Amino acid sequence: MYRYTARLLLYSNLGEDSILLRLSDIYRDWEGRRCDKPQLIHRIYVEIKRLLDLSTRYGFNENLWQNYLTFLLLTNENSFSLTAERVGAGDGSVNHFAKGDFAIFRKLFHFDFSPLEADLGIDCFTTVTNYHALVKLEKHYYRAVSEKVQDLSRRLAAAPDADTVFDLVTDFYRAYGVGMFGLNRAFRIQNRGQGVEFLPINNTDKVMLRDLIGYEHQKRQLVENTEAFVKGLPANNVLLYGDAGTGKSSSVKALINEYYDSGLRMIEIYKHQFRDLSAVIAAVKGRNYRFIIYIDDLSFEENEVEYKFLKAVIEGGVETRPDNILIYATSNRRHLIKETWSDRNDMEYENDIHRSDTMEEKLSLAARFGVSINYSVPNRKEFQDIVMGLARRQLRGAIDEATLLAEANRWELRHGGISGRTAQQFINYLAGKEPPDHDHPG
């Protein structure tokens, strides 16, 4: 195995702690008789456990070894894979080196572990290459990653030569990209003092725009702007504002499900992370995706200054915002920043500073969103339409409309008033009740 990994060129940056390179070192020590058998077995079991942990996290199945190698190919960001993501394979000389690496991966795909297993009296490689995973809840693994990796893994395993592997992998790069951005829809960020790290969100909401009943005009505005964005046409930052529970956040989250295959990705950040906005933009501006930086429940108190970081990024900084990035924010406030009576006083006599200038600076933040979409509380008829639409979709059996709407009215009086969220909570309550038992009296 180490004879193969030592010849990797473009894909050599796997990291010293990669399972592949550690197994390669184990094979070298086994063939050179540099370790006793118990020590070799222990080292192998450590890497097998890491392989099982990775496979559990991403929901791999059948041939975990081939799934792992496919995962390496799809997540390794190097000069070739990043170029193929942006412009496709092309006819450059680098393809010669890429096909050499793919020929090595093809040999690793069909690597014969049986001599090692027979000598050490183990069967772990036989098990992981013929694996039957336990059924897991979708929220416990990265389903989107799992499906793509396993599908490509099967096709790579059947590939007759390195040229076919080359075509399969580069087609994937061009269609979905490389690295975690290629495999995942949405991300959060963290900064532990060593730069920004992107964390995939594995259990994203599966909501689609058609699932959101009502607000057709608002959704149409959102779709028009987003479709222009994913097509590479001019588009605007978007502010969705209005009453709580009206579907602002759900509308934004639905976009990544609607346009993921068109290259749309989402990065969710929080107010305390606004200082990292420039680093986030620098990390993604050269990628072949369209990124929505999503800020939920955006608002600022009088003494908070984080809005200045956001304001500089949206407009007015030295470096212009890249064409592949937009900011979508939701807020219960139209003007985002709480105004006080002191803001409205024309002058603060103690230091002769015009406070109206301060207020104008704060209010200008909302104006920097080119599209502002209002989500207001539905009227009684709209609320009832939402209830009926959700009931037809989620409840089993016949629906007595009069009874349903009467119960919905009582529910909203006790649970926060009329809104789409209240309607959904009411239907969830009904859907969670045990159906009547018709097989037994009483």
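The values are calculated or read from the model by the stated rules, or taken from the named source; none is laboratory data. Since this is a predicted model, take the numbers as computed values, not measurements. Note that we place each Cβ from the backbone using ideal geometry, even for glycine, and neighbour counts take in every protein chain shown. For the accessible areas, the whole protein counts, side chains as well, though only heavy atoms, and no ligand, DNA or RNA atoms are used. Shrake-Rupley method; radii C 1.70, N 1.55, O 1.52, S 1.80 Å.
Seen from Asp167, the other residues with C-beta closer than 12 Å to its C-beta sum to a net charge of 0, counting Lys and Arg as +1 and Asp and Glu as -1. If the limit is 19 Å between Cα atoms, which of Lys206/Lys253; Lys206/Lys231; Lys231/Lys285; Lys271/Lys311 go over it? Long pairs (Cα-Cα over 19 Å): Lys206/Lys231. Ligands, DNA and RNA left out, the accessible area of the stretch 368-428 computed with a 1.4 Å probe is 48% carbon and sulfur. Surface composition of the stretch 87-134: carbon plus sulfur atoms contribute 55% of the solvent-accessible area (1.4 Å probe, protein chains only, all chains present). Taking the centroid of alpha carbons for each part, the stretch 75-99 and the stretch 42-62 are 29 Å apart.
Can you pull out the trypsin sites (Lys or Arg not before Pro) in the stretch 151-207 that DSSP calls coil and that have at most 11 other Cβ atoms within 10 Å? Of the trypsin sites (Lys or Arg not before Pro), the ones in loops of the stretch 151-207 whose Cβ has at most 11 other Cβ atoms within 10 Å are Arg192, Lys206. Note on Ser249: accessible area approximately 30 square angstrom, rounded to 10, probe 1.4 Å, nucleic acids and ligands left out.
Which of the peptides 32-42, 381-391 is most tightly packed, and how do the rest follow, going by the mean number of other Cβ atoms within 10 Å of each residue? Display every interim value, and only then the final one.
Numbers: 32-42: 11.9, 381-391: 18.8.
In decreasing order of mean packing, 32-42, 381-391 become 381-391, 32-42.
Computed from label points 7 Å out along Cα-Cβ, the spacing between Tyr45 and Ser376 is 6.8 nm. Residue order by solvent-accessible surface for Glu117, Glu62, Glu224 is Glu224, Glu62, Glu117, largest first, with ligands and nucleic acids left out and a 1.4 Å probe.
Quick check for you: with a 1.4 Å probe and neighbouring chains kept, what is the accessible area per residue of the chain, in Å²? Kindly include the intermediate steps, with their values, before the conclusion.
Numbers: 22780 Å² over 442 residues.
That works out to 52 Å² for each residue.
For the set Tyr131, Tyr294, Tyr215, solvent exposure ranked by accessible area (probe 1.4 Å, protein chains only) runs largest to smallest as Tyr131, Tyr215, Tyr294.
The mean of 1/r over all distinct Cα pairs in the stretch 34-136, once inverted, gives the Kirkwood hydrodynamic radius of 15.9 Å. Please name whichever of Met266, Tyr375, Gly245 sits farthest to the positive end of the charge dipole of the chain, dipole taken about the Cα centre and charges placed at Cβ: Lys and Arg +1, Asp and Glu -1. Value computed over the given set: Met266.
Which value, in debye to the nearest 20, gives the size of the charge dipole of the chain about its Cα centre, when Lys and Arg are +1 and Asp and Glu are -1 at the Cβ?
620 debye
For the stretch 140-179, which whole percent of the accessible surface, found with a 1.4 angstrom probe, sits on carbon and sulfur atoms?
Working: 740 of 1680 Å².
Heavy-atom surface of the stretch 140-179 belonging to carbon and sulfur, 1.4 Å probe: 44 percent.
Keeping every protein chain in place, order Met266, Met180 by accessible area at 1.4 Å, biggest value first, i.e. largest first.
On the way: Met266 10, Met180 50 Å².
Correct descending sequence by accessible area is Met180, Met266.
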